[in-house]
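The values are calculated or read from the model by the stated rules, or taken from the named source; none is laboratory data. Keep in mind that what you see is a predicted model, and the values were worked out from it rather than measured. Ideal geometry is used to build each Cβ from the backbone, glycine not excepted, and the neighbour counts take in all protein chains shown. Ligands, DNA and RNA are stripped out before the accessible areas are found, and what is left, the full protein with its side chains, is counted by its heavy atoms. Shrake-Rupley method; radii C 1.70, N 1.55, O 1.52, S 1.80 Å.
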Amino acid sequence: MLVDFLQLTVAGLSQGSVYALLAVGLIATYTVRHVINIAQGDFAMLAGLGAVSMVAGGVPLLLAVIFAIIGVTVASVIMERLIISRVKNLTTLVSIILTLGVSTLIQACMLLAWGAEGRRLPTFPGSDINVAGISIRSQELWMLGALLVVGGGILLFYEKTKFGKALRAVAEQPVAARIVGISPVVASIVAFAIAGFAGGVSGVVAAPLYLATWSAGLLLGLKGFVAAVLGGLVSFRAAIIGALVLGVLEQYVAGYIDGGFKDAVAFLVLILVLIIRPQGLVLRQSAVRV
Amino acid sequence: MARSHRRIMPVALAAAAALTLTACGGGGNFGGDDDTGGDGEAEEGPIVIGAVLDITGVGANLGVPEQNTLQMLADQLNAEGGINGREVELIIKDNQSTEDGAARATTELIQNDDVDLIIGASRTGPSLAMRPIVESEQIPNISIAANAAIVEGSDWVFKTAQNDVVVIQSIIDNMAEKGYKTVALARDATGFGEGIAEMITEVGAEQGIELIATESFEPSATDFTAQMTNIRNAEADANIIWGITPSAGLAQAAYVQLGIDAPVYQSHGVANDAFFEAAGDAADGVLAPMGRLLVADQLPDDDPQLPVIDQFVADYTEEFGTPPSSFAGHAYDAWKIAVIALEEAGTDADALRDAIENVSGFVGISGVFEMSPENHSGLDSSALIMAEAGDGRWNLAE
């Protein structure tokens, strides 16, 4: 019984780490530009499919993964430059509509380029391990590790470094930020680069286990968004914890209730959070105000 | 604090609404030809065949090769002069692997394109959604999905994939031979898996095999740890995973990764190379009843299906660069049966329906078809072989 519980927890944590990386990207753009990026999950799929094609074309796995992440990071910045930054009086609602358009565009391009069938990236190096009856897939360790390094790195960057803090100031006080010499343009580009990077990483670490498909990004993005809402859309910490909780909850529901309800968990959590605790899991609001 | 609430609440709601809207809307229609209207004249002008396939969404591994096959066969047929001198126009619609998409596409094909016959859908759920429409409009429909419920008691619906109950019979027989007494099942939560547990219980009872646990999974699922953990706990002599690729393949991978060593049987829903893409090395040793297409190179030389299969594999591979899957074969059989009946009866709906019912001895990719008023599926257990996965392909077992 305990073994099952732990087995489900391990699977939930690794799935949750993919949601967490997406949530981190969403919060990065929200805190700086108040943009909700609906295309975040599609960027993840784009990275996965891009890496699959490169590996099929003979590029070593590690290089393919790096190129895919860089490519998606650049794509995210291009989206910011070509679309987001062109809009005067950008409200969050406008950003949702804009990025929804981008999401549809990316999906259509992926469908044309890679077809409708899901593609698998080779598993990263390493072997599956078994601890007291709990089997842990090597790829799951990669997923958790990616969250630890990338998610943790981004969190530290925003919360501990001067530049990171300054970036967040732009969202709160754009005029004041400009007066003290922080360029909102740079802040925005950096935020979208970080979002693209985190999205790309989540896409490539998930592709060996969950496959990459043109259409899967939207639901994945939604799960990341739910986690971000758990973080009140401002707290990286709370969002990461929220994402891990969401992943684990999904596994418990699938294991102890019914596999068919798994995707409903995110929606239920979203509704409950919005009704009961719209500020998310954030305990102090001080983190927002820099 | 309060200010923050006010800001986040509408934003979150709006984003959620946007996501939900697109989730429901899905992608566009990227499959097949443009909707050029049919002629509408009863017995002259082009013959219009509609197809409703799961080209995008969870059924893509099925629908894409089916689309390829139908397009290829239509081009071949028209190059040879069509049917009795009449050109054949093929209109393919993508149902996005959804029931409502299939119903909508069927209605459009009948009302806007005036089709004479409809092929599809690829999966059981969408196929069942089409059934009441073709029945009330009285348009012959040849499904390429598996569940026997698609054709049971229907005057207008036929199907070419082997019936699920025949597949289960074949699995249970194999289990009985090996002396297994208990079995656990992980099944597709949609139409394809509907009623499978009941069938296993019923067929198994005759051989003294008991179904002791049932789990279900969505075909869109990517993680199967939960279901497979429960299957592991059931400790059955053997397990059945009943689904289509890629989900059934990912489930197989999770099964092996959780260290379950009981033998696995899968359905004919994994009769393609995509299974190996999803399952990887975990595929080795899986047994699955399926048609002869994927093991054609291991068949005895005098197998009556061999010439048909070889020709199809050669044509398809030349056109698309990859060998066809069993699903491509189901589409091939549906198309050929349609052509045989159209040659015989023309486009009058009643005559066409009767002609399909009378198709007998047609040697197809999935078997030799014997349609009748009582049997709209046309295949029995002789259409199946037991295949075993090994070295990244399906092989004839034993």
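As for segment B:239-246, it holds at least one residue that is within 10 Å of chain A (Cβ to nearest Cβ), in contact (Cβ under 8 Å) with a residue 60 or more places away in the chain and crowded, with 24+ Cβ neighbours inside 10 Å. If you go through segment B:247-279 and pick out every residue that is without any contact (Cβ under 8 Å) to a residue 24 or more places away in the chain and within 11 Å of another protein chain (Cβ to nearest Cβ), you end up with 0. Counted as qualifying within segment A:1-115 are the helices (runs of 4 or more DSSP H) with 1 or more residues that are surrounded by fewer than 22 Cβ atoms within 10 Å (Cβ to Cβ) and touching a Gly at 6+ places or on another chain (Cβ under 8 Å), namely A:2-33, A:61-82, A:92-114. Give me the residue from segment B:232-257 that is among the β-branched types (Val, Ile, Thr) and within 16 Å of B:GLU194 (Cα to Cα) and, out of that set, nearest to the chain's Cα centre (by Cα). Step by step, filter segment B:232-257, then rank; the result is B:ILE244.
At pLDDT below 95, open to solvent by 10 Å² or more (accessible area, probe 1.4 Å) and not assigned by TED's automatic domain parsing to the domain that holds B:GLY195: does that describe B:GLY120? Taking the combined requirement at face value, the residue does not satisfy it. Taking A:ARG119 as the residue in question, decide whether it is basic (Lys, Arg), touching a Ser or Thr at 6+ places or on another chain (Cβ under 8 Å) and open to solvent by 30 Å² or more (accessible area, probe 1.4 Å). Taking the combined requirement at face value, the residue satisfies it. Residues in segment B:147-179 that are out of contact with any Leu (no Cβ under 7 Å at 6 or more places or on another chain), free of Cβ contacts under 8 Å to residues at least 60 places away in the same chain and crowded, with 18+ Cβ neighbours inside 10 Å: B:ASN147, B:VAL165, B:ILE168, B:ILE172. Of the set (1) without any contact (Cβ under 8 Å) to a residue 60 or more places away in the chain; (2) out of contact with any Asp or Glu (no Cβ under 6 Å at 6 or more places or on another chain); (3) within 14 Å of chain A (Cβ to nearest Cβ); (4) not hydroxyl-bearing (Ser, Thr, Tyr), all apply to B:ASP188 but (1). Taken as a whole, the condition of being of a type outside the set (S, T, N, Q) and more than 20 Å from B:ALA226 (Cβ to Cβ) applies to A:VAL204.
Kindly check whether there is at least one residue in segment A:248-263 that is within 24 Å of A:ASP42 (Cβ to Cβ) and without any contact (Cβ under 8 Å) to a residue 40 or more places away in the chain. So far as segment A:248-263 goes, yes, one or more of its residues are within 24 Å of A:ASP42 (Cβ to Cβ) and without any contact (Cβ under 8 Å) to a residue 40 or more places away in the chain.
When A:GLY153 is tested against the conditions (1) surrounded by fewer than 16 Cβ atoms within 10 Å (Cβ to Cβ); (2) within 21 Å of the chain's Cα centre (by Cα); (3) within 12 Å of another protein chain (Cβ to nearest Cβ), the lone failure is (3).
Results for (1) surrounded by fewer than 22 Cβ atoms within 10 Å (Cβ to Cβ); (2) touching a Ser or Thr at 6+ places or on another chain (Cβ under 6 Å); (3) of a type in the set (Gly, Ala, Ser); (4) outside any loop (DSSP other than H, G, I, E, B), shown as yes or no for each residue.
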{"site": "B:PHE192", "(1), (2), (3), (4)": "no, yes, no, yes"}
{"site": "B:ALA197", "(1), (2), (3), (4)": "yes, yes, yes, yes"}
{"site": "B:GLU202", "(1), (2), (3), (4)": "yes, no, no, yes"}
{"site": "B:ALA205", "(1), (2), (3), (4)": "yes, no, yes, yes"}
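Can you tell me which residue is most open to solvent (accessible area, probe 1.4 Å) among those in segment A:124-135 that are in contact (Cβ under 8 Å) with a residue 60 or more places away in the chain and facing chain B (nearest Cβ under 9 Å)? Looking at residues that are in contact (Cβ under 8 Å) with a residue 60 or more places away in the chain and facing chain B (nearest Cβ under 9 Å), I get A:GLY133.
The single condition from (1) in contact (Cβ under 8 Å) with a residue 12 or more places away in the chain; (2) at the interface with chain B (Cβ under 10 Å from one of its Cβ atoms) that A:LEU90 fails is (2). For segment A:1-34, filtered to residues that are under 30 Å from A:LYS88 (Cα atoms) and at the interface with chain B (Cβ under 10 Å from one of its Cβ atoms), the residue that is nearest to the chain's Cα centre (by Cα) is A:LEU26. Assessment of segment A:63-74 against the conditions (within 11 Å of chain B (Cβ to nearest Cβ) and within 20 Å of the chain's Cα centre (by Cα)) yields no matching residue.
Those helices (runs of 4 or more DSSP H) of segment B:217-302 in which at least 1 residues are farther than 14 Å from B:ALA389 by Cα, considering only elements entirely within it, cover B:225-234, B:247-257. Can you work out which of the residues in segment B:201-217 that are out of contact with any strand residue (DSSP E or B) (no Cβ under 8 Å at 6 or more places or on another chain) and not hydrophobic (A, V, I, L, M, F, W, C) is nearest to B:ARG232 (Cα to Cα)? The extreme case among them is B:GLY208.
Applying the set (1) in the same structural domain as B:ALA145 (by TED's automatic domain parsing); (2) open to solvent by 10 Å² or more (accessible area, probe 1.4 Å) to B:ALA328 leaves exactly one unmet item: (2).
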